[in-house]
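Have a look at the structure below, then the notes.
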Amino acid sequence: MAPEESTSLRSETAPSPTPAPSGPAPGTPGAPEPAGAPGATRAKGLLAVLMPVGIVLAALNLRPAITSLGSLLEEVRDGLGMNGTLAGLLTSVPPFCFALFGFLAPRLSKRFGAGTVVCGGMIAITAGLVVRPFTGNTAGFLAATVLTLAGIAVSNVLMPVVVKNWFPDRVGSMTGLYSMALAIGTSLAAAVTVPLNDALGGGWKGGLGIWAVLGAVAVLPWAVLSRQGRAAERENAANPAPAGPGDALRVTRSRTAWSLACFFGLQSTAAYITMGWMPQIFRDAGISAGTAGVLLAVTMALGIPLAFVIPRVAIRLPQQGPVVIVLGLCGLGGYLGLALAPAGGAWIWAFLIGISNCAFPLALTMVGLRARTGPGVVKLSAFAQSTGYLISIPGPLLVGILNDATGGWGVPILFMACLMVPQIIIGTLAGRNRTIEDEHLAKAA
């Protein structure tokens, strides 16, 4: 990998060689171990194992806070006295937080190191999930939710950077592994939150709070990676990497970056509407709460195999437009069917919408493909995800308003279907074979 492709996390966990120490000679008491010494080899081996484990555990924690709430939204609304508009606002909080805190991720990563930031993100997720069920009012519930989502937001932005810089030759497969773990966490929370909640005494508090356990587990590997990263940061401060073309990028001037950000925003709109409202749509159609949760789980579970396959397919194509079109057409079919026969064809619509929601791992893959350098990936990931989540904020809220205004789901679902059209068009533009560095150099010339 070229020197300019090293970002904070790679430099954290894979320290560069340093000048020979002036202290004791190797082999004497107190002398540092040579790079090839057994201790150094063991450290590298430990990091080689911990990094994939850390990626998987982080990914598992990036959606349960959201999908568990979707499964128990009616109980939370009743318990906290929310109307439909306020509940719609609650479903819009995730993209708002992802946009707000996602913009901070590159600065935090540069200041503290990506490993430390992700570790902090896992701690924030765990703390928010512990506190949220016991706040007792809507304001406290929202505040704890924001804390959890802040941790998710910074980790969202840094995961493509981790993959690009630790596995530059396996972007497709590692993005697939990360996306697959994310889909497992999403679908698992959707499927088992209601049964777990019932087993913990009903209501809604136990079903939401139990996911803090998974967050606590994820803190462990990232604490080790963070500690290793802080030692490497001190070393890198004395041996800074040379500036590369990615450092001078102004990503806001890139048409490719804007296309990718809009595509990310549209697919995020569909995803958060699905996670926040689809169980309620099925419940209002006469389907039980447990079955509605399972239907959402099926929708999310399709991302488990497809999130691994789609990035591997996309990375082999010169352009990703054909994949965008197929996923968009599945979404159109699923939403139209949901409007016409929500209960009768529930499993079919859940299946089609699940395929469509795999635009998320495709978007993550395109982040790695549309930038050549490490700094470029950091900037593009932060811009595309933060801007995209900002774009997606009105969608879930508007669905709640439309449902309240019309007294049904026909108009909201039609709105969801219409969003698939610009998603297909803009996603095809984002999938063109070009990079933001090439655009930058062309404009500079």
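Looking across the range 108-133 at every residue that is more than 25 Å from Thr193 (Cβ to Cβ) and of a type in the set (Gly, Ala, Ser), the one that is farthest from the chain's Cα centre (by Cα) is identified as Gly113. For the range 397-434, filtering for residues that are β-branched (Val, Ile, Thr) and touching a Leu at 6+ places or on another chain (Cβ under 9 Å) leaves 5.
Of the helices (runs of 4 or more DSSP H) lying entirely inside the range 119-218, the ones with 3 or more residues being open to solvent by 30 Å² or more (accessible area, probe 1.4 Å) and over 25 Å from Gly81 (Cα atoms) are found at 171-199. Anything in the range 95-118 that is open to solvent by less than 10 Å² (accessible area, probe 1.4 Å) and under 20 Å from Ile393 (Cβ atoms)? List them, or say none. Scanning the range 95-118 gives Pro95, Cys97, Phe98, Ala99, Gly102, Ala105. Scanning the range 332-346 for residues that are open to solvent by 30 Å² or more (accessible area, probe 1.4 Å), under 14 Å from Val411 (Cα atoms) and in a helix (DSSP H, G or I) yields Leu336, Ala339, Leu340. Applying the criterion of being out of contact with any Gly (no Cβ under 7 Å at 6 or more places or on another chain) and of a type in the set (Val, Ile, Thr) to the residues of the range 287-307, the residue that is surrounded by the most Cβ atoms within 10 Å (Cβ to Cβ) is Val294. Flag: Ala350 does not match the condition of being touching a Phe, Trp or Tyr at 6+ places or on another chain (Cβ under 9 Å) and not in a helix (DSSP H, G or I).
Scanning the range 399-437 for residues that are in contact with a Ser or Thr (Cβ under 9 Å, 6 or more places away or on another chain), open to solvent by 30 Å² or more (accessible area, probe 1.4 Å) and not β-branched (Val, Ile, Thr) turns up Asp404, Leu419, Leu429, Arg432, Arg434. Arg372 - would you say it is in a loop (DSSP other than H, G, I, E, B), surrounded by fewer than 21 Cβ atoms within 10 Å (Cβ to Cβ) and in contact (Cβ under 8 Å) with a residue 60 or more places away in the chain? Taking the combined requirement at face value, the residue satisfies it.
Kindly evaluate Thr365 against the criterion of being among the hydroxyl-bearing types (Ser, Thr, Tyr), surrounded by 20 or more Cβ atoms within 10 Å (Cβ to Cβ), in contact (Cβ under 8 Å) with a residue 12 or more places away in the chain and closer than 16 Å to Thr175 by Cβ. Before you say what the answer is, go through the steps one by one.
Working: among the hydroxyl-bearing types (Ser, Thr, Tyr): yes; surrounded by 20 or more Cβ atoms within 10 Å (Cβ to Cβ): yes; in contact (Cβ under 8 Å) with a residue 12 or more places away in the chain: yes; closer than 16 Å to Thr175 by Cβ: yes.
Yes, satisfied.
Scanning the range 271-296 for residues that are farther than 14 Å from Gly70 by Cα and of a type in the set (A, V, I, L, M) yields a total of 2.
Can you tell which of Leu62, Leu108, Leu57 is at pLDDT 80 or above and in a loop (DSSP other than H, G, I, E, B)? Let's see the steps before the verdict.
On the way: Leu108 fails: in a loop (DSSP other than H, G, I, E, B); Leu57 fails: in a loop (DSSP other than H, G, I, E, B).
Answer to the selection: Leu62.
Evaluating Ile281 against the criteria (1) closer than 25 Å to Pro160 by Cβ; (2) open to solvent by less than 30 Å² (accessible area, probe 1.4 Å); (3) at pLDDT 90 or above leaves one unmet condition, (1). Could you tell me whether any residue of the range 344-352 is under 24 Å from the mean Cα position of the chain (by Cα), aliphatic (A, V, I, L, M), modelled with pLDDT of 90 or more and closer than 27 Å to Ala153 by Cβ? Looking for residues that are under 24 Å from the mean Cα position of the chain (by Cα), aliphatic (A, V, I, L, M), modelled with pLDDT of 90 or more and closer than 27 Å to Ala153 by Cβ, one finds none in the range 344-352, hence no. Quick check, is Asn403 over 21 Å from Met275 (Cα atoms), polar (S, T, N, Q) and either assigned to a helix (DSSP H, G or I) or at pLDDT 90 or above (or both)? Judged against the criteria, Asn403 is not a match.
Scanning the range 379-398 for residues that are open to solvent by 30 Å² or more (accessible area, probe 1.4 Å) and part of a helix (DSSP H, G or I) returns Lys379, Leu390, Ile391, Pro394, Leu397, Leu398.
Check whether at least one residue in the range 426-438 is hydroxyl-bearing (Ser, Thr, Tyr), assigned to a loop (DSSP other than H, G, I, E, B) and closer than 11 Å to Ala257 by Cα, and report yes or no. Even if it seems obvious, please write down each step before you answer.
Initially, the range 426-438 is screened for residues hydroxyl-bearing (Ser, Thr, Tyr), giving 428, 435.
Now narrow it down to the ones that are assigned to a loop (DSSP other than H, G, I, E, B): 435.
With closer than 11 Å to Ala257 by Cα added as a condition, the list becomes 435.
Yes.
The values are calculated or read from the model by the stated rules, or taken from the named source; none is laboratory data. Keep in mind that this is a model prediction, so the values were computed, not measured. Cβ coordinates were reconstructed from backbone atoms using ideal geometry, including for glycine residues, and neighbour counts include every protein chain displayed. With ligands, DNA and RNA removed, areas are computed over all heavy atoms of the protein, side chains included. Shrake-Rupley method; radii C 1.70, N 1.55, O 1.52, S 1.80 Å.
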